[in-house]
Amino acid sequence: LERTFVMVKPDGVQRGLVGEIISRFERRGLKIAAMKMLVVSDELAKQHYAEHASKPFFPGLVGFIKSGPVVAMVVEGKNVVPLVRSMLGATNPANSNPGTIRGDFALDTGRNVIHASDSPESAKREISLYFNTSEIATYSRIDEQWLYE
Ligand code: GTP
Ligand code: MG
C-alpha cells in the first residue's frame with residue numbers, strides 16, 4: 001500500500017471540519033497511519049511550500065498555513081496519492097466538484113481547507129518533513145479483506 005501526506009489547514013480546523021474530513025478517508029477504506037495537531041513554524045511552512053517560493057501568493061500562503069493549528073496525517077491505501085487528490089477536488093474551490101472536500105466546504109483558493117501530496121515523490125518528502133518514522137504506525141484495518149480483492 002502507498003502513503004500520502006494530508007493536512008487539514010487552519011481554516012478547516014477552526015471551522016470544525018476535522019472530524020468530517022477524517023471520516024471521509026475512513027469511510028473510503030483508507031488507513032490513518034499517523035496523525036497529529038501542530039502549529040506549523042515559519043521554517044516548516046516555507047519548506048513545505050518551497051515549490052511556490054517565487055509565486056506572488058507565497059507570503060500569504062505561508063502566513064495562512066502557520067496562522068493556527070493544523071492536523072497532519074499519513075494516509076495509506078491502494079493508489080492513495082491520486083485517490084486522495086480526487087477526494088480533495090480542484091485547487092480553486094470554484095472549480096471543485098460537489099462531493100469533493102473543497103467542493104463541499106470551500107469557496108476561495110487561499111482558504112481551501114486541506115492539502116494533500118500531488119505525487120509519490122512529494123508524499124515521501126512531505127511525510128518526512130512532518131513525521132519521524134517512529135510516529136508512523138503499522139497495523140491492519142479489520143475490513144481490509146473486503147476493501148481489497
Ligand atoms: P495544496 O494541496 O495545498 O498543495 O494545493 P494544490 O496542490 O491543489 O495547489 P498548489 O500546490 O498549486 O498550491 C498550494 C496552495 O497555494 C493552494 O492550496 C492554495 O491554498 C494556494 N494557492 C495556489 N495558487 C494560488 C493563487 O493563485 N492564489 C492564492 N491566493 N493562493 C493560491
Ligand atoms: Mg500542492
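Starting from segment 54-70, take each residue that is more than 12 Å from ligand 1 (Cβ to nearest atom) and list its partners that are assigned to a loop (DSSP other than H, G, I, E, B), counting only C-beta distances under 8 angstrom and pairs at least six apart or across chains.
The qualifying pairs are 66/40; 66/41.
I want to confirm something. Restricting to segment 85-105 and keeping residues that are free of Cβ contacts under 8 Å to residues at least 40 places away in the same chain and aliphatic (A, V, I, L, M), which single residue is nearest to residue 123 (Cα to Cα)?
By that ranking, first place goes to 88.
Do you know which of the residues in segment 112-122 that are touching a helix residue (DSSP H, G or I) at 6+ places or on another chain (Cβ under 9 Å) and over 18 Å from residue 65 (Cβ atoms) is nearest to ligand 2 (Cβ to nearest atom)?
119
Out of segment 5-17, which residues are touching a residue at least 12 places away in the same chain (Cβ under 8 Å) and more than 20 Å from residue 83 (Cβ to Cβ)?
The answer is 10, 11, 13, 14, 15.
If you take the residues of segment 99-111 that are open to solvent by less than 20 Å² (accessible area, probe 1.4 Å) and under 9 Å from residue 88 (Cα atoms), which of them is nearest to ligand 2 (Cβ to nearest atom)?
Among them, the one singled out is 102.
Identify the residue in segment 41-52 that is among the hydrophobic types (A, V, I, L, M, F, W, C) and away from ligand 2 (no atom under 13 Å from the Cβ) and, among all such residues, is least open to solvent (accessible area, probe 1.4 Å).
Among them, the one singled out is 45.
Restricting attention to segment 1-30, and to residues there that are part of a helix (DSSP H, G or I) and among the β-branched types (Val, Ile, Thr), which single residue is surrounded by the most Cβ atoms within 10 Å (Cβ to Cβ)?
That would be 21.
Any idea which of (1) touching a His at 6+ places or on another chain (Cβ under 7 Å); (2) within 30 Å of residue 144 (Cβ to Cβ) is the one residue 58 doesn't satisfy?
For residue 58, the failing item is (2).
Yes or no, residue by residue, for (1) among the hydroxyl-bearing types (Ser, Thr, Tyr); (2) under 16 Å from residue 1 (Cβ atoms); (3) open to solvent by less than 90 Å² (accessible area, probe 1.4 Å):
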residue: 84; (1), (2), (3): no, yes, yes
residue: 97; (1), (2), (3): no, no, no
residue: 115; (1), (2), (3): no, no, yes
residue: 130; (1), (2), (3): yes, no, yes
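Just to be sure before I move on: is residue 137 near ligand 1 (Cβ under 10 Å from one of its atoms) and touching a residue at least 24 places away in the same chain (Cβ under 8 Å) in the structure I sent?
Here the answer is no, as residue 137 does not meet what is asked.
The values are calculated or read from the model by the stated rules, or taken from the named source; none is laboratory data. Keep in mind that this is a model prediction, so the values were computed, not measured. Here Cβ is always computed from backbone atoms with ideal geometry, including for glycine, and neighbour counts include all displayed protein chains. The protein model used for the area step is the full one, side chains on, heavy atoms only, and it has no ligands, DNA or RNA in it. Shrake-Rupley method; radii C 1.70, N 1.55, O 1.52, S 1.80 Å.
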